[in-house]
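Enquirer: Take a look at the following structure, please.
Values in this text are rule-based calculations from the coordinates and carry no lab data. Everything numeric in this text was worked out from a predicted model, so none of it was measured. Don't worry about glycine lacking a Cβ; one is built from the backbone with ideal geometry, like all the others, and counts go over all protein chains shown.
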Amino acid sequence: MAEARGAIALALTLAAGAACEGRPPEVPPAPIAPVVLPAASVSARPVAPAAPPPRRRLSSWSLTTLDGRGACQVEEGVVTIVAIFATWCEPCKKELPALQAMAKRLGPEVALVGVSVDDEEDGVADFAKTYGLGFPICWDKGHALAEKLKPSTMPTTYVFGRTGAKEHEHDGYHLGEERAIEGEIRALLAR
């Protein structure tokens with residue numbers, strides 16, 4: 001559009017100048033139109049999303065997983081469920097698999113970690129294997145974390161929000177309680 005106006009203005013200027021000199025006006029060459037390629041000839045590749053930045057640890061505590069390859073901690077940007085349990089606890093044997101299924105349904109914005117408060121580490125890995133637990137499991141040596149969180153009974157489940165704040169606490173386990181926990185987590189995810 002601007003090119004067309006410029007060409008018209010130039011033509012008028014030349015015509016006016018030529019008229020003053022008594023000769024016929026020169027006609028400038030027509031502007032060259034831009035070339036537009038058909039959509040089929042343009043190849044577009046999807047751009048892969050950038051990898052998310054590494055998450056910062058938000059908790060003042062961190063425990064090494066039983067296999068030594070990870071950590072049990074609250075991290076920035078995810079809702080974290082911390083399940084405090086013991087291998088001798090009967091309700092824990094029901095709660096942990098239920099929490100695992102729930103966390104899997106909720107997806108990658110939810111992390112589940114299990115923290116054993118058994119006096120000895122022996123038997124904790126076997127317990128996790130027996131109950132098919134595929135999430136990070138840590139042993140609270142010396143009960144240091146239990147001293148900070150102060151669980152009142154076994155199991156005790158804590159839900160931490162994306163900013164690391166402790167949002168909910170569930171003492172003990174009652175059949176179907178994971179549905180209430182799931183509702184709390186969905187509300188946190190919607191914030």
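Enquirer: Given Cα pairs under 8 Å that are at least 6 residues apart, what percent is the relative contact order of segment 101-184? Can you show the working numbers first?
Expert: On the way: 73 pairs, mean separation 18.3, N = 84.
Relative contact order of segment 101-184: 22 percent.
Enquirer: Within 10 Å, count the other beta carbons around each residue, average over each peptide in 148-158, 170-180, and list them highest first.
Expert: Working: 148-158: 17.0, 170-180: 15.1.
The peptides rank, most packed first, as 148-158, 170-180.
Enquirer: Name the lysines eligible as straight-distance cross-link partners of LYS150: C-alpha to C-alpha under 25 Å, and not fewer than 8 places from it in the same chain.
Expert: LYS93, LYS94, LYS141, LYS166
Enquirer: For all pairs of alpha-carbon atoms in segment 88-170, what percent lies in each bin of width 5 Å, listed from the first bin to the last filled one?
Expert: All Cα pairs considered, the percentages come to 3, 13, 24, 28, 20, 10, 2.
Enquirer: Could you give the distance between the Cα centres of segment 125-191 and segment 73-106, to the whole Å?
Expert: 5 Å
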